[in-house]
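The values are calculated or read from the model by the stated rules, or taken from the named source; none is laboratory data. Quantities reported herein were computed from a predicted structural model and do not represent experimental measurements. Note that we place each Cβ from the backbone using ideal geometry, even for glycine, and neighbour counts take in every protein chain shown. All accessible areas refer to the heavy atoms of the entire protein, side chains included, with ligands and DNA or RNA removed. Shrake-Rupley method; radii C 1.70, N 1.55, O 1.52, S 1.80 Å.
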Amino acid sequence: MTAGGSTSREAARLHAAARRGWWRRILRWIGINASNRRLEAAAVRQEQGSIGEQQTAILLARLPAGWTVFHDLAVPGRRFNLDHVLIPPSGLGVVVLDSKKWRRSYQGRPCLTALVGGRVHCGEQDRHEQIVRFAGYVSGTAAALGVPAGMLMPVIVVHGSPVAGGRLDVGVPEWERTVHVLAADRLVDALAGMPGGRGPVQPAAVDLAARVRRTLPQYGSAT
């Protein structure tokens, strides 16, 4: 399972769509094809997302022995993908991890990821809807796995933009969840330091890993 695979494929598709056809190429050359510019901008966002997922995968390789790590999984009947799904050696729960690659600075101004009025911002940009959406994805994943929602921990790791204090715990009342937003350099220590994050692999972890394999296919694969 390759981290960022589906995101990279979507970026390539968007680039190809933006460049398809001789008339689009002419319009792009004279600079008036807004549709193409939007497609290219979306492709760049997908590329950045893929890079973030790959950077996270490198970090996750440093977790203590006993962790089970999956990348780029689908939830049957849902359109979203899960960047990373992790099971600690204790088997006490499932970590659903989303990678974000946000700007470190914009137009010369630093982009700090912080809570502003209870909402997550990256610099001056309100990113809170991404947090709420992710919490909903995690709730949908719990339902698909057939486990209590409390067994799943939603975590977002941010690359590029520094995170205020290294960590934000963001309440999402719509889903009765807390999403943990971590700086990339805090990720491994935070996961390894959670209850059950170190130690021998327990039968519960083996069972959870088998359930994930049965239920959540590789994103984009035939089901």
Quiz item: Once the other residues with Cβ under 15 Å from the Cβ of L145 are scored (Lys, Arg +1; Asp, Glu -1), what is the net sum?
Solution: +3
Quiz item: Within a Cβ distance under 11 Å of V170, other residues only, what is the Lys/Arg minus Asp/Glu net charge?
Solution: +3
Quiz item: How large, in percent, is the carbon and sulfur part of the accessible surface of segment 81-223 at a probe radius of 1.4 Å?
Solution: 52 percent
Quiz item: So if we plug the beta-carbon distance of A65 and M151 into 1/(1 + (r/R0)^6) with R0 = 25 Å, what FRET efficiency do we get, rounded to 0.05?
Solution: 0.65
Exercise. Using a 1.4 Å probe and counting only protein heavy atoms, arrange Y219, Y106 so the residue with the most accessible area comes first.
Key: Y106, Y219
Quiz item: In nm, to one decimal, how far is the modelled label at R214 from the one at L112, with both set 7 Å along Cα→Cβ?
Solution: 4.8 nm
Quiz item: When Lys and Arg each count +1 and Asp and Glu each count -1, what net charge do the other residues less than 9 Å away from G123, Cβ to Cβ, add up to?
Solution: +1
Quiz item: In terms of solvent-accessible area of protein heavy atoms at a 1.4 angstrom probe, what is the ranking of E124, E53, E174, E129, highest value first?
Solution: E124, E174, E129, E53
Quiz item: What full-extension length gain, to one decimal in nm, is calculated for T178 and A204 as 0.36 nm per residue of separation minus the Cα-Cα distance?
Solution: 7.0 nm
